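Inspection log for the structure reproduced underneath, given as structure tokens.
The values are calculated or read from the model by the stated rules, or taken from the named source; none is laboratory data. Fair warning: this is a prediction, and the values are worked out from it, not measured in the lab. Here the Cβ positions follow ideal geometry from the backbone for every residue, glycine too, while neighbour counts run over all protein chains shown. Accessible surface is based on the protein model in full, side chains and every heavy atom, while ligands, DNA and RNA are left aside. Shrake-Rupley method; radii C 1.70, N 1.55, O 1.52, S 1.80 Å.
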Amino acid sequence: MGNITFGYLILYVDDVLATLEVWETALGLERRYVHEDGNYAEFGTGDTVISLAETGFGREHFADETTRAMFDRKPSRFEVGFTVEDVQIAFDHAVANGMTAVVPPLTKPWGQVVGWVRDANGILIEFGSAME
């Protein structure tokens, strides 16, 4: 099969521009690209791109009803994780700028500090300290 490389993540949201603004402010991400229609945007986050796409735009790619139906419900069973220098500072900043607190920072038995927030789309976001 050859090499496989994780290249990008697309998150389908109801309002790309509103989500883009909150993620920029709350998470400190920088926009890399915004389509002129406002239905698609990208953040540059190192080697991997995080994209936002409008749910209707995503639905258009698929003909089968099972796949199309997934665009009608909130995201679940996944999270987007960011490694940060100071989890408490990142968590507090995100909450002060539009994210909802889920689990405040705590130290796990293996020594990593983690904390979770959620955005208005229901996307779960983890801040974690680097593992030594």
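If you check LEU17 against the conditions, is it out of contact with any Leu (no Cβ under 6 Å at 6 or more places or on another chain) and modelled with pLDDT of 95 or more? Here the answer is yes, as LEU17 does meet what is asked. If I ask for residues that are more than 11 Å from ASP14 (Cα to Cα) and of a type in the set (Ser, Thr, Tyr), which ones from region 50-74 would you list? Hits for region 50-74 are SER51, THR66, THR67. The single condition among (1) touching a residue at least 40 places away in the same chain (Cβ under 8 Å); (2) open to solvent by 80 Å² or more (accessible area, probe 1.4 Å) that ILE4 does not satisfy is (1).
Look at region 8-24: where a residue is closer than 11 Å to GLU54 by Cα and touching a residue at least 12 places away in the same chain (Cβ under 8 Å) and a partner is part of a strand (DSSP E or B) and of a type in the set (Gly, Ala, Ser), sitting 6+ places away or on another chain with Cβ atoms under 6 Å, you get ILE10/SER51; ILE10/ALA53; TYR12/ALA53; VAL16/ALA41. Residues of region 43-63 include at least one that is under 21 Å from ALA130 (Cβ atoms), in contact (Cβ under 8 Å) with a residue 12 or more places away in the chain, open to solvent by less than 80 Å² (accessible area, probe 1.4 Å) and touching a helix residue (DSSP H, G or I) at 6+ places or on another chain (Cβ under 9 Å). Being surrounded by 17 or more Cβ atoms within 10 Å (Cβ to Cβ) and on the phi > 0 side of the Ramachandran plot: is that true of GLY98 here? So GLY98 fits the description; yes.
Consider GLY115 carefully, then state whether it is more than 16 Å from GLU21 (Cα to Cα) and touching a strand residue (DSSP E or B) at 6+ places or on another chain (Cβ under 8 Å).
On the way: more than 16 Å from GLU21 (Cα to Cα): yes; touching a strand residue (DSSP E or B) at 6+ places or on another chain (Cβ under 8 Å): yes.
Answer is yes for this residue.
THR66 falls short on exactly one of the conditions (1) surrounded by fewer than 17 Cβ atoms within 10 Å (Cβ to Cβ); (2) within 15 Å of TRP23 (Cβ to Cβ), and that condition is (2). Among the candidates GLU36, GLU42, GLU24, the residue that is assigned to a helix (DSSP H, G or I), at pLDDT 95 or above and charged (D, E, K, R) is uniquely GLU24. May I ask you to verify whether PHE78 is within 18 Å of ASN121 (Cα to Cα), at pLDDT below 95 and open to solvent by 40 Å² or more (accessible area, probe 1.4 Å)? The answer is yes for PHE78.
For THR67, the stated conditions hold: it is more than 16 Å from the chain's Cα centre (by Cα) and in a helix (DSSP H, G or I).
Can you pull out every residue in region 22-37 that is in contact with a strand residue (DSSP E or B) (Cβ under 9 Å, 6 or more places away or on another chain) and either surrounded by 14 or more Cβ atoms within 10 Å (Cβ to Cβ) or closer than 23 Å to GLU85 by Cβ (or both)? Even if it seems obvious, please write down each step before you answer.
Looking only at region 22-37, we keep the residues that are in contact with a strand residue (DSSP E or B) (Cβ under 9 Å, 6 or more places away or on another chain), and these are 23-24, 26-27, 29-35, 37.
Once the filter is applied, which keeps residues that are in contact with a strand residue (DSSP E or B) (Cβ under 9 Å, 6 or more places away or on another chain) and either surrounded by 14 or more Cβ atoms within 10 Å (Cβ to Cβ) or closer than 23 Å to GLU85 by Cβ (or both), region 22-37 yields TRP23, GLU24, ALA26, LEU27, LEU29, GLU30, ARG31, ARG32, VAL34.
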